[in-house]
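Here is the structure we will look at, set down as structure tokens.
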Amino acid sequence: MLLILIVLMVSDVSSAASESKITITQVEANLPDITLFVQLENIDMDSAKLKKNLSIKINNTPTQITDIQSVKKGSGVPENTAYLVLVDTSVSMRNQLSELQILLEELLGFGTSKDAAAVFGVNNSLQTIKDFAETDAVETVIKSTEKAISLGSKTGTYLYSGIREAYDEGRTAQDIPARRIIVLITDGGVDGDCLSRDDLKNYLNVDRLPVYTLILNQQASVDQEFKNAADQISQKTGGQSFISTSGNELFAQFKASIENGSVIRLRCDNFKGFNLQADLNLSLAGDQGEIKEAAKFTATPAQKDKDGVNNQQNLKTSYYGVAVILIPMILSLFIIFASVWLLMKRSTQQGLTPDSTCRIEKGEESQYKE
């Protein structure tokens, strides 16, 4: 009996470990073209088979899958990455400086010349240490980060607010790669943040960017509430959270995760709901059944379509402006002509014409003659 129970437990564990999963991490819309970034777990399909078994709809409108490629480094995929690195600069991080240095060296040295990275310190406010345009050496960025930690406030660790601000920066930043990833480095724990975990999850619900939380700490020492929050936020956005006392180990886990992704290019010519929130639904038919995933995004048109929409709006505005000027003028002229016509008609009814006057005079004269 015990043997059977052990076999069943092992079977359940292996089944859970091999569960197939596909996660949408980002949707970039330039309608009618859409770029979809996904993470694939335990899906043994090449691009051709994946393309055949995938079905993707936007608000129930079918899309055409034009291409699927891996984002693994060296695969030749032209999709580069912009990294938004948030470093917890609270006082407790002073105990993690050596491993933090290793982790930053790996993160900032990992990308290619076409990738981009910005570094922010987050404590009771968000401080820009390096923006995307700067080309500071890694050593300079690390020194600036360590200085921010040494000057860090002893009160307030607003990690949720920091993620939200990084998300806003990632969604609006110009001239950086389309694929964007938020990386939070912390020893765990939020203090005094006015933004709750649930508030942040709701905020990240539309136009998601993947959030990876790298926790420099021991498993037993991490604040359990923050660990749960990090897991939920990562799951919501398509990222992941990892815990380790080793900077090298955290980077290796992060690198393996982001390289386990693919780029799916779509085309949807029939969707016209520009600048509106849209629902993207993905389903993948496989040996273990159908896998489903969904994401919300803003249906942004491509620049040429934006120009067309703007031109139409400008044209409508021009027509409206002309109408505002001409209609009062036409009404005024109509009123003037109507007034003149009424005056002329009234004077005609009240007065006598020369012919009628003449006929009366002649009639009276003939009576006198009789």
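Taking other C-beta atoms within 10 angstrom as a stand-in for reagent exposure, Tyr167, Tyr203, Tyr212 fall in the order Tyr203, Tyr167, Tyr212, fewest first.
When a/c is below 1.5 the answer is rounded, else prolate if a/b is larger than b/c, else oblate, so apply that to segment 81-259 with a ≥ b ≥ c taken from the square roots of the Cα gyration tensor eigenvalues. The shape class here is rounded.
Just check segment 160-206 against the gyration tensor rule for me: Cα atoms, a ≥ b ≥ c as the square roots of the eigenvalues, rounded for a/c under 1.5, and otherwise prolate or oblate depending on whether a/b exceeds b/c. Note, shape of segment 160-206 comes out prolate. Segment 160-174 to segment 234-296: how many Å between their Cα centroids? The distance from the Cα centre of segment 160-174 to that of segment 234-296 comes to 18 Å. Checking the cross-link pairs Lys21/Lys51; Lys201/Lys255; Lys227/Lys296; Lys236/Lys292; Lys21/Lys114 against a 18 Å limit on the alpha carbon distance flags Lys201/Lys255; Lys227/Lys296; Lys21/Lys114 as lying beyond it. Taking a straight Cα-Cα cut-off under 17 Å and skipping sequence neighbours fewer than 8 places away in the same chain, the aspartates and glutamates within cross-link reach of Lys272 are Glu28, Asp33, Asp305, Asp307. Here the contact order of segment 81-259, divided by its residue count and restricted to Cα pairs under 8 Å and six or more residues apart, works out to 26 percent. Contact order, relative form, for segment 233-308: 20 percent (alpha carbon pairs under 8 Å, 6 or more residues apart, mean separation divided by residue count). With an a/c value of 1.5 or above and a/b not larger than b/c for the gyration tensor axes a ≥ b ≥ c computed over the alpha-carbon atoms, segment 207-259 is described as oblate.
Read-outs: derived from the displayed coordinates by stated rules, not from any lab. Everything quoted here is computed from the prediction, not taken from an experiment. Glycine gets a Cβ as well: all are built from the backbone with ideal geometry, and neighbour counts include every protein chain shown.
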